[in-house]
Amino acid sequence: MCGVIGYVGLGANPDFFFNGLKRLEYRGYDSAGIAMLTSDGTISVERAEGKLANLQSKLARLPAKATVGIGHTRWATHGRPTENNAHPHRSGDIVLLHNGIIENYRPLKEALMAKGYTFTSETDTEVAAHLLNAEYSALPASLPAFEKMQKAIYKTVAQLKGAFAFGILCTKTPDVLYAVRLGSPMVIGEGEGEYYMASGITALVEHTRRVMFLEDHEVAFLRSSGLTLTDFQGAPVKRDFQKVEWSVSMMEKGGYRHFMLKEIHEQPQAIAQTLQGRLEREAGRVNIVDYGAAALPLKSIDRLQIIACGTSFYSGLLAKFFIEKFARIPVEVDLASEYRYRVSTVTKNTLAVAVSQSGETMDTLQAIKFARSSGAFTLGVLNVPGSSIAVACHAESLIHAGPEIGVASTKAFSAQVTNLMMLGLALAQERETMKPNEIGQVIEELVKIPAFVEQCLGLSDAIEKLANKYHSERSILFIGRGPQWAVALEGALKLKELSYIHAEAYAAGELKHGPIALIDEDLTVVCLAPRDEYYEKTISNIEEIKARGGKILAVGTEGDKDLMALADDFIGVPPTSSIVSPFATTVPLHLLAYWIAVRKGTDVDQPRNLAKSVTVE
Ligand code: G6P
């Protein structure tokens, strides 16, 4: 959580920092701040509570141009979202901002207070600012300021426990930007006579596509003339810059009212990009791994553990149905936040798959590290290049969905499911549970998905009308069977996070074991019942709802008269195979959550209390 941006070079204006923070606002949006340091050593800091827009009116108080500066948008962990708690924090000559959590901040704070440091915020970050200042001030005044800063940074990080990405300025070194990383993301960008730092590449691509991902235990000392990279002991580190493929237009709304709506509409493209270059249609083969493929022992894998959070968890649940079917292999899907608190049962033949859009989710990162240290082979199914989870895994498979800015994940979900289905096929081919022609048949279905999703996007206007009817519900139940159960879970999550309407999903067959008690004339149940192998049974469950007076919003196959007769409202998706079907029914549920949120007037792209990249446990 939290977004950080930094600059060093011939000169950047306040808008540079503000616009960079706008690109990172999805990472946190409860307060923000900017510090700019001019070449004469004058530092200016402006901070504001609330959304980034509140900082805009203060930009005029900052210098027109500065050689070095940093900015921050916050997702509160320690301390309420007030201006005092907003970053950056200052201590003497030092100004610092932080993404992460300093776990041992209490004893450090007490020690610093005993030394006479006064705290003006409730944050863990201010501890780091004072500690760095204390270490810096303790060094002989005769040493050059830059050398003092280097030494002080190494001494400071050695005392901190937790996760941190720091951006630091020192008024005595107005030509240097310091970037530090342990456990929270930090990307360095290279321009012409200037360098940038940020929590994510979304903030950099409008300035440069040449980036370098800092790794844990590294510090970058950035000057307009060049950069030095060291580890936390001061030993030099060498790493080259690489080119990223993301472009500015991918991060604009492109005429859509919200990023979320744009990203829902980008699903056909996202799925197509995930499939691209990985399928050998004629030969009936797939290859999904981008790096680490050679080491990935697919043949000997006898069990899969999919580990994820939020929407990514539901993509794992959905993919489970297909992977088990294709590869005849047991698949467990675990919530990352629970996974590592259980006794590990992995063996060297376990493939642990971390599924994460951001690649930075702390729960998933820690869980996959745990799986790896327990002996599993680890694979990251990820969207953002160069992420912490990619570094933590043996192998990586990118979903190539492009930047996802809306906090609620949509296109990444569909792309993840597609990717995991291909993993199922890759396992099937190595384990020989499917013949090449059978794999070829599934491939033919996979390549149809984008076109079907495109057709379902045409339902948007009809669903907007339905949203007018359902937006004032207090609670909505979702049901589905088989893969549609996972879709129901995803639909309920989307609805609650966007519209704040209580929503719950149940496996349709489980309805009679409890939730049926909730059904009366006031409860709406979204019933997923496309014509698939589970259809008859799901229809029986819908009858049970009808018999108890519940309202039924059915999502089924176009023209299904039986279902229409049962339903109060009906959304029809084109008839498809069982492989394409969950993608088709996901679209109306994403659109339903979207339009209900719009109708209710909630903040669609940045729902309250949430952040897109959750880097705390
Ligand atoms: C947060 C986001 C969700 C996302 C989840 C997992 O909670 O708000 O939209 O599904 O994190 O994120 P990941 O980046 O690991 O997929």
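Note on the chain: helix-only mean residue ellipticity at 222 nm, from DSSP H runs of 4+ residues weighted -39500 (n - 2.57) and normalised by residue number, equals -10500 deg cm²/dmol.
Nonpolar atom fraction for the range 265-410, defined as the carbon and sulfur part of the 1.4 Å probe accessible area, stands at 52 percent. As a calculated quantity, the FRET efficiency between residue 143 and residue 119 at R0 = 30 Å, using C-beta atoms, amounts to about 0.65.
The distance between label points at residue 106 and residue 500 comes to 3.2 nm (points 7 Å beyond Cα on the Cα→Cβ vector).
Keeping the other protein chains in place, figure out the carbon and sulfur percent of the accessible area of the range 56-182, with a 1.4 Å probe.
For the range 56-182, the apolar C and S fraction of the accessible surface comes to 53 percent.
The string of couplings for the range 396-410 from the Karplus curve (6.51, -1.76, 1.60, θ = phi - 60°) is 9, 10, 7, 8, 6, 7, x, x, 10, 9, x, 4, 6, 7, 10 Hz, one whole number per residue in order, with x for Gly and Pro. Annotation: peptides 281-290, 480-489, ranked by per-residue average of other Cβ atoms within 10 Å with the highest first, follow the order 480-489, 281-290.
Label-to-label distance for residue 280 and residue 19 is 4.6 nm, based on points extended 7 Å past Cα in the beta-carbon direction. Size check on the chain: the Cα extents along the three principal axes, sorted descending, read 85, 52, 44 Å. Over 32 Å apart at the Cα level, from the set 320/512; 262/348; 109/612, are 262/348. Cross-link partners for residue 65 among the lysines, with Cα-Cα distance under 25 Å and sequence neighbours closer than 8 places in the same chain left out: 22, 51, 172. Compute the long axis of helix 310-327 from its Cα atoms, compare it with the longest principal axis of the Cα atoms of the chain, and write down the angle in degrees, 0 to 90, nearest 10. Once rounded, one gets 50 degrees. Loop-located GluC sites (Glu not before Pro) across the range 14-49 with a Cβ neighbour count of 16 or fewer within 10 Å are lacking, with loop assigned by DSSP. For the residue pairs 155/369; 325/448; 494/600; 496/600; 469/600, the C-alpha atoms sit more than 23 angstrom apart in 155/369.
Among the GluC sites (Glu not before Pro) found in the range 206-252, those both in a DSSP coil and sparsely packed, with 11 or fewer other Cβ atoms within 10 Å of their Cβ, are 245. Taking label points 7 Å from Cα along the Cα-to-Cβ direction, residue 471 and residue 172 give a separation of 5.9 nm. Each DSSP beta bridge with both residues in the chain is either parallel or antiparallel, and the antiparallel ones are about 60%.
If R0 is taken as 51 Å, the Cβ-Cβ distance between residue 217 and residue 536 corresponds to a FRET efficiency of 0.30. Highest average first, the peptides 330-339, 163-172, 586-595 ordered by how many other beta carbon atoms sit within 10 Å of their residues are 586-595, 163-172, 330-339.
Computed over protein heavy atoms with a 1.4 Å probe, the accessible surface of the range 121-207 works out to 28 Å² per residue. The calculated FRET efficiency for residue 158 paired with residue 248, based on their beta-carbon distance and R0 = 56 Å, is about 0.90.
The values are calculated or read from the model by the stated rules, or taken from the named source; none is laboratory data. The model shown is predicted, which means the values in this text are computed figures rather than measured ones. When we count neighbours, we look across all protein chains shown, and the Cβ atoms used for this are built from the backbone with ideal geometry, even at glycine. Quick note on the areas: whole protein, heavy atoms, side chains included, nothing else; ligands and nucleic acids left out. Shrake-Rupley method; radii C 1.70, N 1.55, O 1.52, S 1.80 Å.
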